[in-house]
Structure formats: structure tokens, C-alpha cells
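First the structure, in the form of C-alpha cells, and then the observations on it.
The values are calculated or read from the model by the stated rules, or taken from the named source; none is laboratory data. Bear in mind the structure is a predicted one, so any value in this text is a computation, not a measurement. Here the Cβ is made from the backbone with ideal geometry for all residues, glycine too, and neighbour counts use every protein chain on show. We work out accessible area using only protein heavy atoms, side chains counted, and drop any ligands, DNA or RNA first. Shrake-Rupley method; radii C 1.70, N 1.55, O 1.52, S 1.80 Å.
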Protein chains: 2
Amino acid sequence: MSLRFEVAATTPEGGRRAGLHLPHGTVQTPVFMPVGTAATVKAVPHEMLEHLGPNNTAPDILLANTYHLYLRPGHQTIRRLGGLHHYMSWPRPLLTDSGGFQVFSLAKLRKITPEGVEFRSHLDGSAHFFSPEHSIEVQIALGADILMAFDECVETPATHERTRDSMALTHAWALRSKACFDAHKHEVPWTTDLGAPGLASETWDVAPHQPLAGRTQSLFGIVQGGMYADLRRESALRLVEMDFDGYAIGGLAVGEPREVTREMIARTLELLPAGKPRYVMGVGYPDEIEEYARMGVDMMDCVLPTRAARHGLLFRAPQSGEELSMPRPVSSEDPPETEPETASRTAVRMNIKRLEYAEDQRPIDPTCSCLVCRRYTRAYLRHLFMAKEPLGPTLNSIHNLAFYLNIMSRVRADLAK
Amino acid sequence: MSLRFEVAATTPEGGRRAGLHLPHGTVQTPVFMPVGTAATVKAVPHEMLEHLGPNNTAPDILLANTYHLYLRPGHQTIRRLGGLHHYMSWPRPLLTDSGGFQVFSLAKLRKITPEGVEFRSHLDGSAHFFSPEHSIEVQIALGADILMAFDECVETPATHERTRDSMALTHAWALRSKACFDAHKHEVPWTTDLGAPGLASETWDVAPHQPLAGRTQSLFGIVQGGMYADLRRESALRLVEMDFDGYAIGGLAVGEPREVTREMIARTLELLPAGKPRYVMGVGYPDEIEEYARMGVDMMDCVLPTRAARHGLLFRAPQSGEELSMPRPVSSEDPPETEPETASRTAVRMNIKRLEYAEDQRPIDPTCSCLVCRRYTRAYLRHLFMAKEPLGPTLNSIHNLAFYLNIMSRVRADLAK
């Protein structure tokens, strides 16, 4: 058995409150998944990650990047050491992407054929080849609870013809991904012994999970089709025919206007089966994740809260009227360092570098109860940032992730009403 | 009242087990003080620092650097915000150095006169002047429990004449430091309200401390005299005449052979009053801090455990016979990155970068119960280091500090027998 998805409540707008039961635990959805690219949520110790959610809880699920882990330390190393959960000492659910997006965005000298993608490592220039089969092999070795089919990400903007051709390749690769997964899905690297030799598993701050024997990973397909509603429709229908465990919507939030992102999501969601999880990849700003969750998106991930944190950009709840007095955020892309402070209904984005915070004794967000806001002042956080102290990115990341997880907690409560 | 020093037990070798009662709490000595240069122990969140000592305890005392905090964020900012404890949200004892060592080692274009030192900031080249009076003013504004007199650190090697002249300057500055301190020691920045506005002080993981009303900081003098026993003697006698709250031995572990360091410490200790704390600044390797503690040194500090950690150098207990089969560490200076793995009776120094650790499932030290060794494998720590993930320095620093604090805990238990 792979996953079980139980919808507990649905709203007229399409939003749903559900439980996603995976081999390493249950994920309460809608969920925002923190990104742990190289088997660590950048700058955040596990011990603090485990307490940054609402009521001192851990995130239900993290995302890790297949491309990065394939290059370093290598998927065979991780397989030999019992899989990613064991390797990184994170016993809760994990999801890996297919590596496709990173091959297209990070790697050098790519050559795409129907067979797969030749590329050179961004680390050392070494030559590599990823096919759908190879991506699945790597992801099975990593052993996350959820795998993603290997897809092509089309550049933006792209013509209808170019987008259609790319989508056709993605569909062919999705079929091959699924065939390979079905043939090998019992080859999980999981050990029933969660503790490493010499490590006391009782220190893992998690209840004993269900037995892993007989459990398998799950595979999600990825809907593509660029910014063309007809292609998105065709892609969704084609993927649903292939019968994946869940469906992602890829290729969005790559520079297009937010209205287009929303429209593509809405048109696609209505074509996906209600009984399976729906995942929008790589979004977004606080108000976006809230909006998409209310539309019926069950899962989202984004580097934005942690990457922004490392740039000194912190999210907090707007005070009364504040969202009207500040400029609105304009784009779903990563914020440049010089971007002004902005506000939406969901969040104000603060730039902790500003001199005005140098002697500000308030926490980042007086309404936030995260471990950073309970203890540290804006003045101290600004000092850490200006002094380039590693504690700055750590505390900033913890707060931003807590802010994101709190949004989803609030939305889940609303959806369950 | 400033400090109270209660010796509970003394050994024939001169070692002593004592309690050092300070305004912000009691320090069990002998103690190793982690260095928090810029109001943060580099890369270690407070929440983990509070649990890295034996039995999940916090370090009794941290050291912060006056030079760094004077330049950034500025001592007046920290005074206005209630002092360093409040500013950095660390309610336990703190010690600040005088800034002298950093002025002589980090700052540029120094000009030394009997009045003080002109220098340029290593951050932005701006011009500054430190005198004994200014150092004390800055340290009172920072508000640590213990301050250090402003001293000159002579270069190494230095002639007898040059060392004697430098020592004379240090003595003159010590007198001026003490006069300034005595005149201003009631000007502490401490507030009785440890919680910042909007911050819940109950989240500070510490028992309520004694009332601060009427308490003052304490001032230590610094014995100099380079590598000359006659000058060390003269300096110790002169400093004791001046009647400080405690005495430091400075200017050691600056490249001299370890036997010379030990000899200078031994010759000086016998001249210092038994009823006051004795502090050797800037040492050392694990076997050094153990040895000096058993000789009667009550306090030590060093960046070595945290700096080595950031270079991937980890300390662990030697296994039986291992200290004989590996080269001995040779110097008390900071380890270069390429230094081989070494062993002494007290510690093996591992280089986590080595390929041999890539699939090593053991914790750093199977005999260590720190939070890193309870959870993470050498394989994962090597991966974090190779991938330059910020979690690597964090976990490495936590383990090395835990290793140092465990040594001192063991020595304290032995001294109390």
C-alpha cells in the first residue's frame, strides 16, 4: 500500500480539509512543505524545525531535491544507509521532486532528447544523464514517501507550439516514469530499525510510526501546458488517464502575472479527481498559499520563506489598515534584496536590515507565538543580520516558516468548519 | 556587591572546585566559557546552547568581545536596550574582554601612546580611540557580570626589554581601569525586567535569578610579562597589590611551546590569592584545559572548539590505545584546515571531511551523549560539511562545545572528591 487520502470536509469554493496517510506518518492538508534541498532545511536545525509549527509541532512533511542529493552525497550512498529518512535523521514524511526542474534551471550544457537529458553538474562540470527511468531509480533509492514523475519544464514565455511539444514529451516521460515505478516500487531502502547503529532512536521527537513492512512509496504525475488553458486541460486529462497516486501542477510561478497563475490552477483543479491529492509546485507568497489552499490545492512547497529569510526579509501579520498603506507585492518570484517593504491582506514583508529596527524591542510579529517571536527582538535580529552572524538566517528562517505553517493551520481550521 | 567566590575543595596539586556567584547566576568552576564574539556563540542557537552541557544544561557563563560589540551594534545601543543580557536574550552570567587583544590583532593602523590606542576598524576603516577609561565605559554599558582591565598584548616573540616596557604600560592601564571602574561601577544598564516589551520572559529557560538591585559588575586585572618568569612574577605581585576581584593570565597560547605556557601559568598561579578566581585567557586544546584546571585555573575561554568545528575538526574521546597510535597535537594555535588527525590522552581530533566518514553510521563519539551524538551520524555530518550547509557548522560547534563542557564537568567531579 502507498498512500491513503481521506477528505474530511469540502467548501463550496472547492477547498478541502483532508488527511494524507503516508508510510512515515499522516500529513494534515492543505499543507505547506518546507524545502530541505540537500537533506536539511537550510540553516534550521532539526531540533528547532520540530517545534516551529503551531503548538510547537513539527512540519508534517518536507521536500528534498533529487538533483542535489543525486550529485552529493549520491543516491547509492543514501540507499546503502537506509534511505533519506534515516540518513538525515528525519522520521516523518518526505517528498522528492524528480530533478527535472533543477536540471533545467541549475545544470549546464543541457541536451534534451526523447530519451532524456544530458547535463553537466553545476558543482564540478561532470557529465550526467537523467531519463525518466533514472529519475525514478534515484528517487526510489532516496526513499521519500512521495516521488514525482520526470517532466520537462518549458522556458517562459513559450509559444503554443513549443509548449505543446514540451507537454507531449512530459506525457511520454510520465508514462515511462510510471512504468518504471510500478516495476520497482517495492525496492524501498527503508529499514524497520529507524535508529542508526549507536544512535538512540528514542531521542527522535516523534511517536513510533506504523510498521513499514509492505508499504511502498507513491508517485505523482505533473500537469504541464504552460500558460495555455487548452494545453493545461489536455495535460490534466492525459495524466488522469495514467492513474497516478496524486497530481501536481508544474510550470507555474515562473514569472507570469499572478492572475494567470490563479487561472491555470483553477482550470486544472476542476479536471483532477477529487479523491486524490493535488499539489502546486513552487508557490508562493503568503497570500498565494492561502488563496490556493482555499481553492482546493492540498499541497504546496516553496523556497521563498527560507530564501527570503536569508536575505533579511521577514513576514508578519499586517496591523489594522496597514495592508492599504503599503505597496502590494507584485511577483511570485524570489524577492530581490532591495525590494521595498510591502503588504497584502495576509502578510507584511519587513526588511530587517533597515535602520529603523536597530533599537526596536518588539518581536518580528507581536501576534506570532513562534520560538523566535517569544524570545528575540527586531533589534537583535537586525544586529545578527548586519554582523553576518549565522544565527541570523537561522532565526529568520524559523520565523518565516512558522508564519507559513500558521497560515496553513488557520486555513485548515476554516476549511473544517 | 559584585562577586562571591566560594572554594569547596582543593587538591594537593592546587586544583580547586568552587562556586563563583555573580549577579546573573552562579558559575561552577573550573569552567570553560564558550565565546560569543558578537553577542552570539557563532552558529549555535541559544535554544540548543541551553541544552548542550552535561545533563542538558546551559553553559554557566559566556564570553563576548568588547571590540566587536563596540563597533557593531555599538555599546550605546546595547546600553539603551538594557545591556547585553537583555539585548541578546541570554539571562545567565557573561564576561567581556577589554577589547585590547582584538585592537592589537584585528584592527588596522594602530598607534599606541601612554594615553591609549588609536586604531581603524577592520570593518570599515573608521578611526577610533580606546583608552583604559573608554574600555571600562564601553564594558559598563555592555553590562557583563565580569569586566577585564585594558591591557597591551606584546607581540611574540619579544625581547625582555620590550616585554618589560609593555608590562609597565599594562600596569599603568590596569590602575586607570580600576579607578574608572570604581568611580562608575554602579552605572549598570541592567533592568529588573528581564523580558523585553512584548516578549514573554517565561520562555527563557532559566530559573528566576536573584534581584539585581544593588549588585554591580566585577573587574579582573590581567597579568602580563610574556615568556619571562621574572616579569610574570613582577606583574602578578603588582596586580595583586591593586586588589582586583579576580586575576587573568594574558598573553599566553600565542605560538610558544606548550611547556612554556604551562610553566608561565604555574609560576603565576602560586602568586595569586587563593580566595579569588584565576582566569587563563584564550586556551586551549582539550588536554590543555583539563591540565590547567587541575593546576588551579578556575576559568578559561577559547574560540578553538567553535572555530575548529567550522573547519570540520571534531573532538572525541580516544578509544583504548588510540592516543598512542596517532600523532600528538603540537600547538595551541588555531588548527589549519589541512592538519592531520591527532590524538592525546584527552581527545582525538577528527577531520570530518575525510572520505572514510562518507558512509560511517556511527555518531562522532560513541561515548558522548550530546544532542548531536544522540541523533546524527558521521556520514550525515560529512555530507553537511561537503555541501557547505549551515547546519554543518551548527552541529559541529554543538558537539565540540559539549565535549569541552563535559571535560570540565569530569574535572570538577574529580576535584570535589
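Which condition from (1) away from chain B (no Cβ under 13 Å); (2) more than 16 Å from the chain's Cα centre (by Cα) is the one that A:Met408 breaks? Among (1) away from chain B (no Cβ under 13 Å); (2) more than 16 Å from the chain's Cα centre (by Cα), A:Met408 violates only (2).
Of all residues in the range A:111-122, those that are open to solvent by 10 Å² or more (accessible area, probe 1.4 Å) and either within 23 Å of the chain's Cα centre (by Cα) or among the basic types (Lys, Arg) (or both) total 3. Inside the range A:212-223, can you point out the residues that are assigned to a loop (DSSP other than H, G, I, E, B) and either of a type in the set (Ser, Thr, Tyr) or open to solvent by 10 Å² or more (accessible area, probe 1.4 Å) (or both)? Within the range A:212-223, A:Leu212, A:Ala213, A:Gly214, A:Arg215, A:Thr216 qualify. Can you tell me which of B:Pro157, B:Pro197, B:Pro189, B:Pro208 is closer than 30 Å to B:Glu259 by Cβ, part of a loop (DSSP other than H, G, I, E, B) and either β-branched (Val, Ile, Thr) or modelled with pLDDT under 95 (or both)? Among B:Pro157, B:Pro197, B:Pro189, B:Pro208, only B:Pro157 is closer than 30 Å to B:Glu259 by Cβ, part of a loop (DSSP other than H, G, I, E, B) and either β-branched (Val, Ile, Thr) or modelled with pLDDT under 95 (or both).
B:Thr394 meets the conditions (1) within 9 Å of chain A (Cβ to nearest Cβ); (2) not in a helix (DSSP H, G or I) in every case but one. The failed one is (2). For the range B:350-366, the set of residues classified as more than 10 Å from chain A (Cβ to nearest Cβ) and free of Cβ contacts under 8 Å to residues at least 40 places away in the same chain consists of B:Met350, B:Asn351, B:Arg354, B:Leu355, B:Glu356, B:Tyr357, listed by residue number. Those strands (runs of 3 or more DSSP E) of the range B:46-125 in which 1 or more residues are within 13 Å of chain A (Cβ to nearest Cβ) and of a type outside the set (Asp, Glu) occupy B:62-64. The residues of the range A:397-417 that are part of a helix (DSSP H, G or I) and among the small types (Gly, Ala, Ser), listed by number, are A:Ser397, A:Ala402, A:Ser409, A:Ala413. Residues in the range A:48-81 that are crowded, with 20+ Cβ neighbours inside 10 Å, under 26 Å from A:Leu395 (Cα atoms) and among the charged types (D, E, K, R): A:Asp60 only. Do we have B:Leu147 as in contact with a Leu (Cβ under 9 Å, 6 or more places away or on another chain), part of a strand (DSSP E or B) and either open to solvent by less than 50 Å² (accessible area, probe 1.4 Å) or free of Cβ contacts under 8 Å to residues at least 24 places away in the same chain (or both) here? Criteria met by B:Leu147. Cβ-Cβ distances below 6 Å connect the following pairs, each with a first residue in the range A:256-269 that is touching a residue at least 24 places away in the same chain (Cβ under 8 Å), a second residue that is of a type in the set (D, E, K, R) and surrounded by 15 or more Cβ atoms within 10 Å (Cβ to Cβ), and a separation of six or more residues or different chains: A:Met264/A:Arg232; A:Arg267/A:Arg232; A:Thr268/A:Arg232. Among the residues making up the range B:359-403, those that are among the hydroxyl-bearing types (Ser, Thr, Tyr) and either more than 21 Å from B:Glu50 (Cα to Cα) or touching a strand residue (DSSP E or B) at 6+ places or on another chain (Cβ under 9 Å) (or both) are B:Thr367, B:Thr377, B:Tyr380. Taking B:Pro340 as the residue in question, decide whether it is over 16 Å from A:Ala39 (Cβ atoms), away from every other protein chain (no Cβ under 13 Å), open to solvent by 10 Å² or more (accessible area, probe 1.4 Å) and out of contact with any strand residue (DSSP E or B) (no Cβ under 6 Å at 6 or more places or on another chain). Considered against the rule, which asks whether it is over 16 Å from A:Ala39 (Cβ atoms), away from every other protein chain (no Cβ under 13 Å), open to solvent by 10 Å² or more (accessible area, probe 1.4 Å) and out of contact with any strand residue (DSSP E or B) (no Cβ under 6 Å at 6 or more places or on another chain), B:Pro340 comes out as yes. The set of residues in the range B:379-408 being over 14 Å from B:Pro34 (Cβ atoms) and either modelled with pLDDT under 95 or out of contact with any Ser or Thr (no Cβ under 9 Å at 6 or more places or on another chain) (or both) consists of B:Leu381, B:Arg382, B:Phe385, B:Met386, B:Lys388, B:Leu395. Restricting B:Ala293, B:Ala253, B:Ala248, B:Ala274 to residues that are part of a helix (DSSP H, G or I) and of a type in the set (Gly, Ala, Ser) narrows the list to B:Ala293. What residue, among those in the range A:341-376 that are of a type outside the set (Ser, Thr, Tyr) and not in a loop (DSSP other than H, G, I, E, B), is modelled with the lowest pLDDT? Top of the filtered list is A:Ala343. There is at least one residue in the range A:164-171 that is over 24 Å from the mean Cα position of the chain (by Cα) and touching a residue at least 60 places away in the same chain (Cβ under 8 Å). Return the pairs, sorted by first residue and then second, in which the second residue is among the aromatic types (Phe, Trp, Tyr) and not in a helix (DSSP H, G or I), the first residue lies in the range B:99-110 and is open to solvent by 70 Å² or more (accessible area, probe 1.4 Å), the beta carbons are less than 8 Å apart, and the residues are 6+ apart or on different chains. Every condition considered, the pairs that remain are B:Lys108/B:Phe119; B:Leu109/B:Phe119; B:Arg110/B:Phe119. I'd like the full set of residues that are outside any strand (DSSP E or B) and buried (at least 24 other Cβ atoms within 10 Å of the Cβ), limited to the range B:296-305. Hits for the range B:296-305 are B:Val297, B:Asp298, B:Cys302, B:Leu304, B:Pro305.
Taking the range A:277-287 as the range and being buried (at least 24 other Cβ atoms within 10 Å of the Cβ) and assigned to a helix (DSSP H, G or I) as the test, only A:Pro286 passes. Look at the range B:275-293: where a residue is over 22 Å from B:Thr96 (Cβ atoms) and a partner is of a type in the set (Val, Ile, Thr) and at pLDDT below 95, sitting 6+ places away or on another chain with Cβ atoms under 7 Å, you get B:Pro286/B:Thr346; B:Asp287/B:Thr346; B:Glu290/B:Thr346. Condition first: at pLDDT 95 or above, of a type in the set (A, V, I, L, M) and open to solvent by 30 Å² or more (accessible area, probe 1.4 Å). Now tell me which residues in the range B:251-265 satisfy that. Scanning the range B:251-265 gives a single hit, B:Val260. Scanning the range A:367-376 for residues that are crowded, with 24+ Cβ neighbours inside 10 Å and either more than 9 Å from chain B (Cβ to nearest Cβ) or touching a Gly at 6+ places or on another chain (Cβ under 6 Å) (or both) yields A:Cys370, A:Val372. Only residues that are part of a loop (DSSP other than H, G, I, E, B) and either hydrophobic (A, V, I, L, M, F, W, C) or within 7 Å of another protein chain (Cβ to nearest Cβ) (or both) were counted in the range A:377-391, giving 4. Identify the residue in the range A:1-45 that is without any contact (Cβ under 8 Å) to a residue 40 or more places away in the chain and not in a strand (DSSP E or B) and, among all such residues, is nearest to the other protein chains (Cβ to nearest Cβ). This residue is A:Ala38.
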